[in-house]
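Inspection log for the structure reproduced underneath, given as structure tokens.
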Amino acid sequence: MENPDTFRADVAKWLEENCPPSMRKPMGSEEEANWGGRRKQYANPEEKLWLDRMAARGWTCPTWPKEYGGGGLTAAQARVLADELRKIRARPPLISFGITMLGPVLLEYGNEEQKREHLPKIVRGEIRWCQGYSEPGAGSDLAGLQTRAEDKGDHYLVNGQKIWTSYANYADWIFCLVRTDPNAAKHDGISFLLFDMESPGVSVSPIKLISGSSPFCQTFFQDVKVPKKNLVGVKNGGWTIAKKLLQHEREMIGGMGFGLAASGGGATMEQLAKEYCGDDSGRIADPVIRSEVVQHLMDQRVFATTVRRSVEEAKAGQGPGAASSMFKLYGTEMNKRRYELLVKILGSQALGWEGSGFSPRELATTREWLRSKGNSIEGGTSEVQLNIIAKRVLGLPD
Amino acid sequence: MSLALSEEQELLRNTAREFIAEHSPVKELRRLRDSNDPVGFSRELWSQMAELGWAGIVLPEEHGGADLGYAELGIVLEECGRTLAATPLFSTLLLGANALLLAGDGTQRKEILARVAKGEAILALALQEGAHHAPYQVATRAEASRDGYKLTGKKTFVQDGHVADQTVVVARVSGKPGERDGLALFLVPKNARGLQVTRTVMVDGRNAAQLQLDGVEVDRSAAIGTVGRGADVLDPVLDRATIGLCAETLGTVAEAFERTVSYLKTRKQFGVAIGSFQALKHRAAVMFTEVELSRSIVLDALRAIDEKRPDVPLLASVAKARLSDTAFLVGNEAVQMHGGIGVTDEEEIGLFLKRARVAELTLGDAAYHRARFAALSGF
């Protein structure tokens with residue numbers, strides 16, 4: 001095994017030489033992270049260059065095996081890479097549901113042909129994936145889904161409707177839960193299918209949220225033909241894969257709450273509190289706000305420490321397990337509290353919608369506050385996470 | 001330092017858990033309480049703990065200590081917290097011995113620390129004067145006399161003060177109550193003339209005392225550290241003691257929580273286990289999350305002391321605020337979920353509530369530590 005210090009030095013040197021300058025500063029509020037995909041428009045050639053260089057080394061998916069385009073790094077090496085990226089404040093070259101959700105599942109359950117076809121494209125950001133899980137009648141009761149896929153010999157015929165499909169309007173392919181046996185018990189008749197969003201019969205319409213934006217869509221399938229080779233795992237055995245993928249999703253959303261909270265967008269919460277609630281010779285003048293700001297900073301610290309402990313305990317073969325539900329629960333609830341507190345601090349300046357009278361930061365906070373309301377609903381509601389902890393960790397009876 | 005336990009630490013935890021379960025189960029606290037034991041803990045148990053090396057676990061070898069870290073002390077404290085074990089570990093090692101370790105002169109350290117490590121000397125810290133923890137709110141006066149100082153004032157909530165061989169008394173040589181400057185720490189022996197000690201019976205069955213100092217005379221050599229700069233000693237002592245107390249409290253809340261979960265699984269109502277009710281399940285899952293978060297911050301804070309990190313004061317406040325809140329939540333929920341039996345003296349869960357509340361208010365509650373965190377952070 002390579003000397004860890006040599007590895008760190010090599011990584012640092014390579015990043016120094018290859019990360020373009022414009023990819024080393026925080027994103028502006030109007031800029032979007034690079035999600036890749038067939039329809040990705042690069043506003044900046046350096047964004048494309050950065051992705052291509054990182055993808056060529058497999059470092060968009062550092063721990064995936066090299067034969068599927070990944071970096072082939074150990075977990076420890078991947079942490080070094082992440083450290084070094086953080087040091088130069090590099091933007092992520094690519095973020096996607098392919099990386100965080102589908103890839104790990106394909107590595108575990110996909111066949112060789114599926115891995116060779118899909119994983120390298122995820123690494124290179126060529127295909128943008130979306131997730132077809134929730135349905136209008138089946139939100140928290142995910143296994144109650146009705147979209148059906150009939151076996152037509154050489155293909156499946158898919159009919160039904162999905163909802164809350166994040167970024168379906170930008171996605172190239174979908175990973176989708178479908179019912180392949182309507183007569184089986186509800187968890188036993190589900191399969192996991194992959195298909196191209198350009199297939200005839202697929203249509204998408206965005207859902208506008210209370211925050212004014214529309215990351216989510218309704219997605220409709222009418223007689224969509226899906227080749228049989230696109231079934232992942234065994235037919236009617238999709239629920240196992242679905243659960244595993246949900247775990248990756250929970251980790252991603254829980255971690256997102258933490259990441260957002262850590263970023264702060266320039267001013268710290270205590271600076272904002274002094275600015276909007278009064279500064280009493282360096283102290284936040286309002287004692288209640290002061291106490292709430294502290295409480296929030298403490299929550300963040302305690303949560304970050306717990307995430308760290310979970311990683312270190314997992315390495316040592318210890319730990320409480322089912323940590324992903326706890327992180328999803330706490331991370332999202334904490335993120336919501338953060339925005340409630342920001343609104344309280346900004347006061348009426350947090351209530352603007354558009355036009356003059358409000359700074360871009362204030363307007364962004366308002367919308368982020370509204371968007372955060374979805375955090376504890378998407379990816380399994382807080383109540384669902386509480387049920388999972390009660391059942392799987394505490395062993396409480398049904 | 002990793003937050004996961006090492007093999008040696010796991011071994012220590014298992015030893016501690018077995019030893020304490022055998023020698024100091026919860027019923028031992030009940031026995032001490034019901035027999036109005038004048039000491040309030042078992043001296044025999046304390047000697048045995050000293051033999052295991054726990055009385056001086058963080059003291060250096062030159063003073064007979066085991067020279068281990070707070071990570072290890074925290075493990076022992078956590079296990080003590082699980083059975084509400086009454087021991088003078090907190091008063092003697094975390095408060096008294098730490099003051100000597102951090103600022104005592106050669107003679108003080110040499111004479112007292114070795115006796116602490118052997119389990120022979122009990123120490124205490126007399127700080128608090130009002131109903132709330134406020135370390136600089138000291139009115140007790142220390143007036144210079146011919147050979148030393150004359151101490152006059154009143155102290156309250158002095159843990160193990162009624163049996164301490166020596167008590168570290170915080171007094172003021174100048175300034176007004178509330179000011180950081182002007183404090184001094186003095187070692188006062190239990191038989192000092194003018195010292196009146198009254199044991200108070202506390203809700204948790206453990207020990208605290210009130211001290212009345214009527215012109216207690218001490219030599220100059222009784223001062224710990226620089227007279228007038230006592231806060232420089234007091235602050236780090238309180239940080240360490242606070243973090244140690246958090247480790248003990250973690251054990252108390254973890255045990256109360258686990259007992260409650262097993263009660264939810266066995267207690268039947270309406271023909272089913274009450275743990276099948278979502279109203280209780282969700283609250284249990286919330287408690288689990290709070291206990292896990294509490295554990296993380298306690299482990300990190302203990303390691304911060306060992307690593308001599310500059311953020312120890314901040315972490316002491318983060319940990320204490322968290323553990324105070326968790327102790328409040330779990331103590332109350334544990335009793336509520338036990339239903340009628342939970343409010344009887346016969347059932348042990350009530351003892352956990354009582355201990356949790358004492359721990360919550362000892363060395364500052366959550367509100368105190370949030371305010372302190374803000375002050376330390378400069379806002």
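The values are calculated or read from the model by the stated rules, or taken from the named source; none is laboratory data. Worth saying up front: this structure is predicted, and the values here are computed from it rather than measured. All Cβ positions, glycine included, derive from the backbone under ideal geometry; neighbour counts span all protein chains shown. To get the accessible areas, we keep the full protein, side chains included, count just its heavy atoms, and leave off ligands, DNA and RNA. Shrake-Rupley method; radii C 1.70, N 1.55, O 1.52, S 1.80 Å.
A few comments on the model shown:
- Residues in region B:323-355 that are more than 20 Å from B:Asp365 (Cβ to Cβ) and among the acidic types (Asp, Glu): B:Asp345, B:Glu346, B:Glu347, B:Glu348.
- Residue in region B:12-25 that is surrounded by the most Cβ atoms within 10 Å (Cβ to Cβ), counting only those that are touching a residue at least 60 places away in the same chain (Cβ under 8 Å) and closer than 13 Å to B:Ser42 by Cα: B:Ser24
Each row is one residue, and each column tells you yes or no for (1) in contact with a His (Cβ under 8 Å, 6 or more places away or on another chain); (2) surrounded by fewer than 19 Cβ atoms within 10 Å (Cβ to Cβ); (3) of a type outside the set (D, E, K, R); (4) in a strand (DSSP E or B).
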{"residue": "B:Thr198", "(1), (2), (3), (4)": "yes, yes, yes, yes"}
{"residue": "B:Gly205", "(1), (2), (3), (4)": "no, no, yes, no"}
{"residue": "B:Leu213", "(1), (2), (3), (4)": "no, no, yes, yes"}
{"residue": "B:Leu234", "(1), (2), (3), (4)": "no, no, yes, no"}
{"residue": "B:Asp239", "(1), (2), (3), (4)": "no, no, no, no"}
{"residue": "B:Gly251", "(1), (2), (3), (4)": "no, no, yes, no"}
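- Cβ-Cβ contacts under 7 Å between residues 6 or more apart (or on different chains), taken from a first residue in region B:95-117 that is among the polar types (S, T, N, Q) to a second residue that is crowded, with 18+ Cβ neighbours inside 10 Å and part of a helix (DSSP H, G or I), are listed as B:Asn98/B:Val237; B:Asn98/B:Arg240; B:Asn98/B:Ala241; B:Gln108/B:Leu100.
- With respect to the conditions (1) assigned to a loop (DSSP other than H, G, I, E, B); (2) under 25 Å from A:Ala168 (Cβ atoms), A:Gly71 lacks only one, and its number is (2).
- Region A:108-150 - residue that is at pLDDT 95 or above and of a type in the set (A, V, I, L, M, F, W, C) and, of those, surrounded by the fewest Cβ atoms within 10 Å (Cβ to Cβ): A:Ile127
- Answer residue from region A:195-236, given it is in a helix (DSSP H, G or I) and in contact with a Phe, Trp or Tyr (Cβ under 9 Å, 6 or more places away or on another chain) and is farthest from A:Gln114 (Cα to Cα) among those: A:Lys228
- Only one of the numbered conditions (1) touching a strand residue (DSSP E or B) at 6+ places or on another chain (Cβ under 8 Å); (2) in contact (Cβ under 8 Å) with a residue 60 or more places away in the chain; (3) buried (at least 17 other Cβ atoms within 10 Å of the Cβ) is violated by B:Arg220, and that is (3).
- If the condition is being open to solvent by 10 Å² or more (accessible area, probe 1.4 Å) and either in a strand (DSSP E or B) or farther than 28 Å from B:Gly119 by Cα (or both), then region B:168-192 contributes B:Arg172, B:Val173, B:Ser174, B:Gly175, B:Lys176, B:Pro177, B:Gly178, B:Glu179, B:Arg180, B:Asp181, B:Leu187, B:Pro189.
- Residue pairs whose Cβ atoms lie under 9 Å apart, separated by 6 or more positions or on different chains, with the first residue in region A:1-21 and under 11 Å from A:Gln77 (Cα atoms) and the second acidic (Asp, Glu) and surrounded by 10 or more Cβ atoms within 10 Å (Cβ to Cβ), are A:Glu2/A:Asp10; A:Arg8/A:Asp83; A:Arg8/A:Glu84; A:Val11/A:Asp83; A:Val11/A:Glu84.
- The lone criterion from (1) open to solvent by 20 Å² or more (accessible area, probe 1.4 Å); (2) closer than 14 Å to B:Ala121 by Cα; (3) touching an Asp or Glu at 6+ places or on another chain (Cβ under 7 Å) left unmet by B:Pro88 is number (1).
- Among the residues of region A:270-286, those identified as of a type outside the set (Asp, Glu) and either more than 20 Å from B:Ala367 (Cβ to Cβ) or within 8 Å of chain B (Cβ to nearest Cβ) (or both) are A:Gln271, A:Leu272, A:Ala273, A:Lys274, A:Tyr276, A:Gly278, A:Ser281, A:Gly282, A:Arg283, A:Ile284.
- Of the helices (runs of 4 or more DSSP H) lying entirely inside region B:1-111, those containing at least 1 residues that are within 14 Å of chain A (Cβ to nearest Cβ) are B:7-23, B:70-82.
- Among residues of region A:295-314 that are more than 7 Å from chain B (Cβ to nearest Cβ) and over 15 Å from B:Ala319 (Cα atoms), those with a beta-carbon under 7 Å from a residue that is part of a helix (DSSP H, G or I) and open to solvent by 10 Å² or more (accessible area, probe 1.4 Å) at least six positions away or on a different chain give the pairs A:Val307/A:Phe258; A:Val307/A:Phe327; A:Ser310/A:Ala323.
- Boolean, A:Glu31 is in a loop (DSSP other than H, G, I, E, B) and either surrounded by fewer than 20 Cβ atoms within 10 Å (Cβ to Cβ) or modelled with pLDDT of 90 or more (or both): yes
- Count - residues of region A:365-398 that are farther than 18 Å from B:Leu280 by Cβ and within 14 Å of another protein chain (Cβ to nearest Cβ): 3
- Of B:Leu125, B:Leu59, B:Leu151, all but one fail to be buried (at least 24 other Cβ atoms within 10 Å of the Cβ), out of contact with any Phe, Trp or Tyr (no Cβ under 6 Å at 6 or more places or on another chain) and closer than 22 Å to B:Asp204 by Cα; the exception is B:Leu125.
- Answer residue from region B:128-148, given it is of a type in the set (S, T, N, Q) and either touching a Cys at 6+ places or on another chain (Cβ under 8 Å) or more than 25 Å from B:Ser221 (Cβ to Cβ) (or both) and is least open to solvent (accessible area, probe 1.4 Å) among those: B:Gln128
- The criterion of at least 3 residues that are more than 10 Å from chain A (Cβ to nearest Cβ) and not charged (D, E, K, R) is met by the following helices (runs of 4 or more DSSP H) wholly inside region B:265-379: B:278-306, B:312-337, B:349-361.
- Criterion violated by A:Ile377 - all others in (1) open to solvent by 50 Å² or more (accessible area, probe 1.4 Å); (2) within 27 Å of B:Leu315 (Cβ to Cβ) satisfied: (2)
- Residues of region A:122-151 classified as in contact (Cβ under 8 Å) with a residue 40 or more places away in the chain and of a type in the set (Lys, Arg), total: 2
- Among the residues of region A:274-294, those that are in a helix (DSSP H, G or I), farther than 20 Å from B:Ala316 by Cβ and of a type outside the set (Asp, Glu) comprise A:Lys274, A:Tyr276, A:Cys277, A:Pro287, A:Val288, A:Ile289.
- Here B:Lys118, B:Lys150 are screened, and the one residue that is more than 25 Å from B:Gly40 (Cβ to Cβ) and either among the β-branched types (Val, Ile, Thr) or modelled with pLDDT of 95 or more (or both) is B:Lys150.
- Some residue of region B:67-83 being in contact with a helix residue (DSSP H, G or I) (Cβ under 8 Å, 6 or more places away or on another chain) and free of Cβ contacts under 8 Å to residues at least 24 places away in the same chain: yes
- Sole exception among (1) assigned to a loop (DSSP other than H, G, I, E, B); (2) over 20 Å from the mean Cα position of the chain (by Cα); (3) of a type outside the set (Asp, Glu) for A:Lys13, by number: (1)
- Flag if B:Ile243 is aliphatic (A, V, I, L, M), under 27 Å from B:Pro25 (Cβ atoms) and open to solvent by 10 Å² or more (accessible area, probe 1.4 Å): no
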